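No lab work stands behind these numbers, since they all come straight from the coordinates. Since we're looking at a predicted model, the values are computed, not measured. Cβ placement follows ideal geometry from the backbone for every residue including glycine, while neighbour counts extend to all protein chains displayed.
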Number of protein chains: 2
Amino acid sequence: MGTVETRYLDLPHPVRLDCGRELHPVRVAYETYGTLSPGRDNVILVCHALSGDAHAAGLAEAPPEAGTRDGFGAEERDGASGRGLGWWDGMIGPGKAFDTDRFFVVSTNLLGGCRGTTGPSSIDPATGRPYGADFPVITVADMVRTQRAFLDVLGIERLAAVAGGSLGGMQALEWAVLFPDQVDSIVVIASTHALHPQGVAWNAIARDSIMRDPAWQGGQYYGTGRAPDAGMGIGRMVGHITYLSAPALDDKFGRRLQFADDLRYTITEPEFEVENYLRHQADSFVRRFDANTYLYVSRALTYFDLARQHGGGSLARALEGVRARTLLIAFSSDWLYPPSASEEIERALRALGKPVEFNVIDAPYGHDCFLLEEARQTPVIRRFLAHGQAG
Amino acid sequence: MGTVETRYLDLPHPVRLDCGRELHPVRVAYETYGTLSPGRDNVILVCHALSGDAHAAGLAEAPPEAGTRDGFGAEERDGASGRGLGWWDGMIGPGKAFDTDRFFVVSTNLLGGCRGTTGPSSIDPATGRPYGADFPVITVADMVRTQRAFLDVLGIERLAAVAGGSLGGMQALEWAVLFPDQVDSIVVIASTHALHPQGVAWNAIARDSIMRDPAWQGGQYYGTGRAPDAGMGIGRMVGHITYLSAPALDDKFGRRLQFADDLRYTITEPEFEVENYLRHQADSFVRRFDANTYLYVSRALTYFDLARQHGGGSLARALEGVRARTLLIAFSSDWLYPPSASEEIERALRALGKPVEFNVIDAPYGHDCFLLEEARQTPVIRRFLAHGQAG
């Protein structure tokens, strides 16, 4: 995609939230790739997961707008997307899964984010200070309504597709339910209609780890020179292990020691390579991510539950109004968002007579596959999107 | 077993440790059940797991000797073993798996423990203060050598069996390798010859969580009025989820909310039942367990690796000298100590022509099965032990 720049747009109206509050002002950070067709009918919205941002493809031109957190700025750019490349660069571009020769791909940082879109590190106009824990508790539907309002400003009414993995897939599903007449198709990867209780538990542990860190300071750590890095690091380690499969960890690290076959008999230092890797992952994550955003986005993704939100407990009823064609992709080794969850969506849609396609890709890397297995997702997605254009 | 009392014994000699240091004095907390035969040939040693203690069976008569940690004492007794019953009460007693009508069952708190045996909360004679992080880093072999020295004082040379689940099973394996002529049989339940890298990672996260808690104070929190409860609570939550299977969590909690179907839109309070359960587990654990013991015992169980320790990397070579009959039990839903690990031990022993029996019990509760599935383990263990007596 070459070099791209993250841009910012202020929504003209307040966003009404599920919790009953309204949020204003709301700024949205976004990037676009490809060219909008004259008929404005070639738009694909890609939605990022918990720790992503608007920079989905290409090389970052400049760091995103700095947050208000001390030292939260330029140097983290690399960490976010690996040497400045967007987090889904392998999937978005000419000839790629989301082909920018045909589609106009739009990517936004989600509501509650810390990479340019309004979130808990943004200034609360009521106090002149960052919101912190006064930021309203948000939902996936709130994220989607924010994207809807943002696209309104761009003059884009219909979407050829909404696509995303993990939390991004939840947003795609929410789009299809909330705005059935405005979405032609959704691509839901390594996602679910409702996270299983073990996933809810992992998220709770990560959040508790942040909030139990005294440096969290009830959420008002901005400008204090301290941030709950220790706690968020633990949360990230937990997340990281849940994103990988046990066999992948075995392949990658085995039980190899840091120092050949010599135990050093230490409690405080990493002794196994996998221990060292985890600490490194935690350290690089806390340099680029805001802990309060982690709390709010994690909470939103555990709340997400199509059946409860839209079907009075029934997934079938929740999906009754869907008009988008649906592509579901899951990965055999993903135990956080297991194929069984996608299968439940497939069954419900099929029973309703809705067009749905479900692919399980046999791959060993766990949940992270949605970011790694680009080559095998690409033909599936291209075929699915081409079919939509033909029909 | 009726009411039992934990007793204490001071070892006459220093214990020589794998790390090269010697530990002295060493006190061992222990309980016994049943009657020692005149020939002293009916002794079964049961070994506890990470958070256990010497109180394996019966009703506790009195709280164990108080540790040096502030407020660490009597009221935790119940939490340790559920209303005062030993942690393996369903398995030890007349007519039970470890039948006290025939066997003299001995249970000790392991080296490094916090329930009466010398550990990091014990007084370091060199300083007159608790060891804290100056306690030497210990191994499973060190635990076993301590048990060996303890049994010497009791005048017990041979063991009819060594039995345990999880870390307790590691101790049984270590016994069979270190003292092949003194162990007739081992019962290794939900255990492994070397924890897989994902398990190493979970343990590293739990330890880091304790050590990143500022209240840990480099391990010298004793007497300060503060302890790393927040961090150890997180570690315990992680542990708890790894001890259960995802389907068991689903059965037990589903996605049920604390308050019917009403979201409260809160970041700080538990919203799902499973979140509330986790916090409760964490809170009750930190009241009864010492964080430094958690660190040391967790480190020991990740170090444990029969092939590395005794076989130059080969499990077969490590097991060459084993003379004990081996019973392996694993549980189908245990993903922390999966059946595959026991199968590797079985294969290695069988290839060496050693007597070994392997049972996989199909049960849904994950690793916790070794504490829960008493009814189904009992006939398997009784048959195995009876065969030993007959032969």
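Give me B:175, A:216 ranked fewest to most by other Cβ atoms within 10 Å of their Cβ, as a rough exposure proxy. Mind dumping the intermediate values first?
Working: B:175 29, A:216 23.
Starting with the residue having the fewest Cβ neighbours, the order is A:216, B:175.
Would you mind telling me which residue in B:35, B:268, B:302 has the biggest mean-square fluctuation in a Gaussian network model of chain B, where springs connect alpha carbons within a distance under 10 angstrom?
Most flexible of the set in this elastic network: B:268.
Counting other beta carbons within 10 Å of each residue's own, what order do B:209, A:340 fall into, fewest first?
With the fewest neighbours first, B:209, A:340 line up as A:340, B:209.
Straight distance only, please: which lysines reach the Cα of residue A:354 with their own Cα at less than 21 Å, same-chain residues fewer than 8 apart left out?
List returned: none.
Would you mind ranking A:275, B:5 so that the residue whose beta carbon has the fewest other beta carbons within 10 Å leads the list?
Exposure proxy ranking, most exposed first: B:5, A:275.
By a straight-distance test (C-alpha under 17 Å), which lysines pair with residue A:252 as possible cross-link partners, with residues fewer than eight away in the same chain excluded?
none
What does the helix-only formula give at 222 nm for chain B: each DSSP H stretch with n ≥ 4 adding -39500 (n - 2.57), the total divided by the residues, and the result rounded to the nearest 500 deg cm²/dmol?
Taken over chain B, the calculation gives -11000 deg cm²/dmol.
If you take the Cα Rg of the protein assembly as shown and divide it by 2.2 N^0.38 Å, with N the number of residues, what do you get?
1.02
Could you work out the relative contact order of chain B, using alpha carbon pairs under 8 angstrom and six or more residues apart, expressed as a whole percent?
On the way: 828 pairs, mean separation 68.3, N = 391.
Here the relative contact order equals 17 percent.
Mean-square fluctuation check for chain A, GNM, Cα pairs under 10 Å: which of A:33, A:365, A:265 is largest?
Among A:33, A:365, A:265, the largest GNM mean-square fluctuation belongs to A:265.
In the Gaussian network model of chain B, springs joining C-alpha atoms below 10 Å, which of B:150, B:289, B:272 carries the largest mean-square fluctuation?
Checking each option, the largest mean-square fluctuation is seen for B:272.
How far apart are the residue A:247 label points across copies, placing each 7 Å from Cα toward Cβ, in nm, shortest first?
1.9
In whole angstrom, note down how far apart the Cα centers of the stretch A:342-391 and the stretch B:215-293 are.
36 Å
Estimate the FRET efficiency between residue B:181 and residue B:376 by the formula 1/(1 + (r/R0)^6), using the beta-carbon distance for r and 45 Å for R0, to the nearest 0.05.
Taking R0 as 45 Å, the efficiency between residue B:181 and residue B:376 is 0.90.
State the Cα centre-to-centre distance between the stretch B:138-156 and the stretch B:15-65 in whole Å.
9 Å
Treating cross-link reach as a plain straight distance, find the aspartates and glutamates whose alpha-carbon is under 16 Å from the alpha-carbon of residue B:96, omitting any fewer than eight places away in the same chain.
Leaving aside aspartates and glutamates fewer than 8 places away in the same chain, those within reach of residue B:96 are B:373, B:374.
Taking a label point 7 Å from the Cα of residue B:269 along the Cα→Cβ vector, which residues of the stretch A:6-31 have an amide N closer than 17 Å to it?
A:19-21
Over the whole of A:300-311, what's the average partner chain Cβ count within 10 Å per residue? Rounded to a whole number, please.
2
In chain B, what is the volume of the convex hull around the alpha carbon atoms, normalised per residue and reported in Å³? If you can, show how the numbers build up before the last one.
Details: hull volume 53.2 nm³, N = 391.
Enclosed volume per residue, from the Cα hull, is 136 Å³.
Under the rule of at least 5 residues apart or a separate chain, name every residue whose amide H is placed under 5 Å from the amide H of residue A:54.
A:109
Ratio of the stretch A:200-293's C-alpha Rg to 2.2 N^0.38 Å, to two decimals?
1.23
From the label point of residue A:287, set 7 Å from Cα along Cα→Cβ, how far away are the matching label points in the other copies, in nm, ordered shortest to longest?
Ordered by distance, the counterparts are at 4.3 nm.
In peptide A:206-217, what is the residue-averaged number of other protein chain Cβ atoms found within 10 Å of each Cβ?
Mean shielding count: 4.
For residue B:344, go 7 angstrom from Cα along the Cα-to-Cβ vector, then report the distances to that same point in the other copies in nm, smallest first.
Counterpart label points of residue B:344 in the remaining copies fall at 3.3 nm.
Under the rule a/c < 1.5 gives rounded, and otherwise a/b versus b/c splits prolate from oblate, where does the stretch B:120-221 land using the Cα gyration tensor?
oblate
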